[in-house]
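Below: one structure, written as structure tokens.
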């Protein structure tokens with residue numbers, strides 16, 4: 001399983017560095033892209049929001065994805081008229 005290490009590089013700019021090891025060779029990969037993905041809300045009105053990253057391995061040349069963060073967010077349903 002991938003181990004995720006996260007630390008802030010610059011508090012002024014709000015940049016963070018995510019380090020995830022390659023599942024094939026175990027070398028740290030380089031983050032190419034990251035995006036948010038939100039699921040459907042449950043019966044309590046909460047949805048799970050995932051931050052997913054796409055990484056490139058500099059050693060074996062592979063590409064892999066990893067979940068960088070997972071959190072529950074409150075979703076308000078609009079009232080019908």
Per-residue counts of other Cβ atoms within 10 Å, averaged by peptide: what ranking do you get for 66-75, 46-55, highest first? 46-55, 66-75
Pseudo-spin-label distance residue 27 to residue 60, built 7 Å along Cα→Cβ, given in nm, is 1.1 nm
Going from the fewest other Cβ atoms within 10 Å to the most, one would list 42, 56 as 42, 56
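Here, each number is a calculation from the coordinates, and none is a lab measurement. As the structure is a prediction and not an experimental result, all values here were calculated from the model. Quick reminder, even Gly has a Cβ in these numbers, built from the backbone with ideal geometry, and neighbours come from all protein chains shown.
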